[in-house]
1. Could you name the lysines in cross-link range of residue 86, using Cα to Cα under 19 Å and dropping any fewer than eight places away on the same chain?
2. For residue 73 and residue 156 in the same chain, what is the full-extension length gain: residue separation times 0.36 nm, less their Cα-Cα distance, in nm?
3. Modelling each spin label as a point 7 Å along the Cα-to-Cβ direction, I'd like the residue 226/residue 110 distance in nm, to one decimal.
4. Given a 1.4 Å probe and the protein chains all in place, what does the accessible area of residue 269 round to, in Å² to the nearest 10?
5. Wrap a convex hull around the Cα atoms of region 238-341, take a quarter of its surface area, and give that in square nanometres.
6. So if R0 is 41 Å, what FRET efficiency would residue 238 and residue 86 give, r being the distance between their Cβ atoms, rounded to the nearest 0.05?
7. Do any of 106/359; 83/141; 226/364; 80/116 go past 22 Å between their Cα atoms, and which?
8. Enter the accessible area of residue 277 (Å², nearest 10), with the probe set to 1.4 Å and all protein chains included.
Amino acid sequence: MKLLSIFAILFIGSASCQSEDPIAPLEQSETPESNAPKSDEIQSFTEPDNDVNIYDPKKCTLTPSPTLQEINDFYEWSDKHNKVYKTPQAKICKLVRVVYHMREIKAHNELFEQGKVSYQRDLTQYSDLSHDEKLETLLMKEVEFKPHLRQLKTPLPILPPARASVDWRVEGLVTPVGTQWKCGCCYAWAGSAALEGQLLKCGIYYDQVSVQQMVDCPTVGVWGCKSGWAYHAFKWQMNGGILAANTYTYKDAPGNCTYNKNDIVGYVHKAFQFNFTSVGGNASFIKQVVSAIGPVATVICVDSSLYQYKSGVYTISNCCQEVKHVVAIVGYGTDPKFGDYWIIKNSWGENWGEKGYAKIARGKNLCISESIIDYAQVRDVDGTVCDLF
C-alpha cells in the first residue's frame, strides 16, 4: 500500500507539492536553463552526469523517477528516524529530496572506495530538510559578530610543545554528545564541552554542565537560540557560576535565567578568545592549546556536504567562509592516507557522523575552523583556581 500511494501521487503532478508542502521552496527564480540544480541546499554532483539525474526542489520532481528500491529505502529511512509528514504531497517532496541525496551519496562513496575522496557520506535524520529548515534547525540564525573586526591584540601564551596526537575522549575529558534540536545554541554546546574538560581535569565536577543556562542568562554577545559566542557566556559565568545539566535542564528554547545558587558547581575564572581571522588561521597554536589545555570551541562554516558526513577525514576543495556554527575540538591526529585532522564534537546527535563526532582536515583552516577559538579557566566554589596545564 505504501508503494501504491506513492506512485499515485507521483502521477498526479507536481503543482500540489509546491503549494501544500509546508517547506519553503529552495529557489525563488524560474527553473534554470541548465540541467544542474542551482540551490544553496544542494551541492551539485561532480561524480554522475546531471543531465540524467535532475532534481527540481520547486516542483518536487526527480529524473529519473525514484525506483521501487529507492522508495523502499526511503520508507526504511523515515521509519528509522520517526518521520511524520502533514500531507501525502509533503511526503512526496521529502521522498524526492531524500532519493536525490541517496544518489549523490552513492556516487560520492564509489569515489571513496576508489581512494579518490577522503570521507564517506550517508543519509542522516536531516536528509529531508530544505536549506531554510537546516538554517532554522542546525545553525545559528543571526550571527551578530564580525570576526574580522575583532583581532588578537595580546601576545600568544607560551605553551608546551604539542603532542603528536591527542584524543580527550580517551583521556576522560569529554562527556556524551547532545542534540541541540531547533535551538541555534551550538555555541553553548561547544562552550559546555570546553568547560566540562576543565572541570573534569580539575576534579571539580564529573558530569555534563548546563547548556540551557548559557542560553538563558543574558549578556552581551549571547542571543539565546539565535546565536552567541562561548567566550561571552564564559564571561557571564565568572560571577553567575556554572550549573549542572541535571539541575538546569535543556529545553530546546530560550527561558528565564532562574536557578538556585546552591546548585552552582564552579565558576569561570578567566575566559579566553583567540582570533586569527586576519592571518587565515593558526593551526599550530590551536594544536598546542588542545594538547596542553583540553577541548576548545571553534567556529565553522557549514557546507551542504557536511550534513551527509559519515566517516573519514572531511575535506572539500571550496568551503564557505561565513560563521554559522560552533563545534568543540576534542583532539587531533593524522590519517596515514588522508593526512592531519581535528576531532570535532558536534551537537547534531549521535546519529550524525561517527556517533556525533567527525574528523576534519587540519592545517588548512578548512571552513574557517582554525580562525577563532574559545576556552576557559575554572575555579571551584571555594575559590581555588585550577591550572590550565
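The values are calculated or read from the model by the stated rules, or taken from the named source; none is laboratory data. Given the structure is predicted, the values throughout are model-derived calculations rather than measurements. Quick reminder, even Gly has a Cβ in these numbers, built from the backbone with ideal geometry, and neighbours come from all protein chains shown. The accessibility values were calculated without ligands, DNA or RNA, using every heavy atom of the protein model including side chains. Shrake-Rupley method; radii C 1.70, N 1.55, O 1.52, S 1.80 Å.
1. Counting by Cα, and skipping residues close in sequence, residue 86 has these lysines nearby: 2, 58, 59, 94, 134, 182.
2. In short, 24.7 nm is gained.
3. Distance between the two pseudo-spin positions: 4.6 nm.
4. The value for residue 269 is about 70 Å².
5. Reported value for the Cα convex hull: 9.8 nm².
6. 0.35
7. Distance filter (> 22 Å) returns 83/141; 226/364; 80/116.
8. Residue 277 has an accessible surface of roughly 50 Å² with all protein chains in place.
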